[in-house]
Amino acid sequence: MLANFTPSASDVLRFLPETILITAGTLMMVLDPFLSASKPKFFGHLSILAFIAALFAAIAANGDPGFAYSNLLVVDGFATYFRILVITIGIFAVFSSYHYLDREKAETSEYHALLLFAVSGQCLMAASNDLIMIFIGLEISSIASYVLAGYLRHDKRNNEAALKYFLLGSFATGFLLYGVALVYGLTGSTKLNEVHTAIAAPGISLVMVSVAAALMIIGLGFKVSGAPFQMWAPDVYQGAPAPVSAFLATAPKAAAFAIFLRIFVTAFQPVASSWEPVLWVMALLSMTIGNFAALTQKNVKRMLGYSSIAHAGYILVAITSRSEIGTTAAMFYLAAYALMNIGAFAVVIHMAGKGETNVQIDDLAGLAKKQPLTAALLTVFILSLIGVPLTGGFFGKFYIFRAALESNLVWLAVLGLLNSAVAAYYYLRLLVVMYMHDPSEATEALEPLTPGLRVALVLPAIGTFILGILPGFVLNFARDAAGIGK
């Protein structure tokens, strides 16, 4: 059957974003020996062009929704939303990398090719309708991410981050594969819609289905850095190059939540009563461990690492609600979180200096006096991370806790709000240091913002305000896409 399969024009169109990204990444590696020395920023420009082309391809594919390649892939509003999100993150990652790579004398085609490959895997994850395809997309993204975490191979911190990420990631993938194997053994299929039908049918062992769901929760829990599978995140974010940390904290997390939603809202929806209590506990642990651990951190990257764990907890609250409004809230919050996190890490990249010697919270002292615009933009991202009104973070949290209350998860909503109050302390500490302390040696020696970093700061800040003041377009897009599998 497969030997005689010929892809249709619709198949090609629905897989076009991934095709563009993979082709561009491969082309970069072929051109590297000829152009790396003479045109050092050529590969960054080429990667941005590839991302923009993939973005338009994702939008074009959404005009012809449906299944592709024997139902292995599905292009719908849900897949398009996450494709657009991860590709946009990829664009910002390139802009934030220009100055960093130049400062570290580490500009090569490999870096940009790995970014393209990682995002192609994440796009594939979002559009997969089959557990095997989800695994393939996940591994494409993960392997590229492991290498990116150790990109500066002469830096011991990079080596440590990559090794931890690889070992723990591989271990978590094993759990996911055991879950996939068990699902196939129980249902005879790996396609999500067929698995849903088989699980809903009488006679299947719901105990074994619940075991399979638990194994997959473990694997996906690692990918989204949800507690108690979060131990890798602070170490990897601290040790990886700062632009890579910004990328890892946003794009892989968004793609992992995409498959989390697609698997559990589609395939495992008939046994939702079994996995809801597990996600309830995961959400609470993630919020609590992330926020309370962040209170004691002195390294900004490590603090943002623990912060990302807490934000994963908020998104898990939305998934636990098991409703379309919960799915909508999770999707909207992932977009808001991506913008504010990329912006915050862009300031870290600007401040870090060669070798990332200036990444302590005290290094931000007096930033408002030396570079008021940079401090103001970081303030926007911090206020959004807290959830202050008129920012995307506020509306994101509002919809998440609204979804929880409508699903009678009152205690989880209350505990989430209390955790948000705890988070305000360590975020506001950054504002105090920036505005109320005398300039540090790091801020005294700061250079002006480069054009790439300006883009990576100003556009996310504008997006954060748009999501906070005029959230309708993104919210409606998310709401229309939230009916997964219908």
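Throughout, read-outs are computed from the coordinates displayed, never taken from laboratory work. The structure displayed is predicted, hence computed values, not measured ones. Here the Cβ positions follow ideal geometry from the backbone for every residue, glycine too, while neighbour counts run over all protein chains shown.
Which pairs turn up if I take residues in the stretch 394-418 that are among the aliphatic types (A, V, I, L, M) and look for partners that are surrounded by 16 or more Cβ atoms within 10 Å (Cβ to Cβ) and not in a helix (DSSP H, G or I) with beta carbon separation below 9 Å, at least 6 apart in sequence or on another chain?
ILE400/SER321; ALA403/SER321; ALA403/SER323; ALA403/LEU409; ALA404/SER321; LEU405/SER321; LEU409/SER321; LEU412/SER321
Can you name the number of the only condition in (1) over 15 Å from ILE22 (Cβ atoms); (2) assigned to a helix (DSSP H, G or I) that ALA106 fails?
(2)
The conditions are (1) among the hydroxyl-bearing types (Ser, Thr, Tyr); (2) farther than 23 Å from GLY392 by Cα; (3) in contact with a helix residue (DSSP H, G or I) (Cβ under 8 Å, 6 or more places away or on another chain), and THR296 fails exactly one of them. Which is it?
(3)
Name the residue that is nearest to GLU194 (Cα to Cα), counting only residues in the stretch 236-272 that are among the hydrophobic types (A, V, I, L, M, F, W, C), over 21 Å from the mean Cα position of the chain (by Cα) and part of a helix (DSSP H, G or I).
It comes out as ALA267.
Among the residues in the stretch 115-135, are any assigned to a helix (DSSP H, G or I) and of a type in the set (D, E, K, R)?
Among the residues of the stretch 115-135, not one is assigned to a helix (DSSP H, G or I) and of a type in the set (D, E, K, R), which makes the answer no.
Are any residues in the stretch 377-394 surrounded by 24 or more Cβ atoms within 10 Å (Cβ to Cβ) and either closer than 15 Å to LEU470 by Cα or among the small types (Gly, Ala, Ser) (or both), and if so, which ones?
SER384, GLY387, THR391, GLY392, GLY393
Scan the stretch 354-376 and tell me whether some residue there is closer than 20 Å to THR296 by Cα, under 20 Å from the mean Cα position of the chain (by Cα) and buried (at least 18 other Cβ atoms within 10 Å of the Cβ).
No, the stretch 354-376 contains no residue that is closer than 20 Å to THR296 by Cα, under 20 Å from the mean Cα position of the chain (by Cα) and buried (at least 18 other Cβ atoms within 10 Å of the Cβ).
Any residue in the stretch 334-363 that is without any contact (Cβ under 8 Å) to a residue 12 or more places away in the chain and within 18 Å of ALA256 (Cβ to Cβ) sitting within a Cβ distance under 9 Å of a residue that is charged (D, E, K, R) and part of a loop (DSSP other than H, G, I, E, B)? List the pairs, counting only those 6 or more apart or interchain.
No pair meets every condition.
Inspect all residues belonging to the stretch 273-280 and state whether any of them is without any contact (Cβ under 8 Å) to a residue 24 or more places away in the chain, part of a helix (DSSP H, G or I), out of contact with any Cys (no Cβ under 9 Å at 6 or more places or on another chain) and not hydrophobic (A, V, I, L, M, F, W, C).
yes
Which of the residues spanning the stretch 445-478 are surrounded by fewer than 18 Cβ atoms within 10 Å (Cβ to Cβ) and touching a Ser or Thr at 6+ places or on another chain (Cβ under 6 Å)?
none
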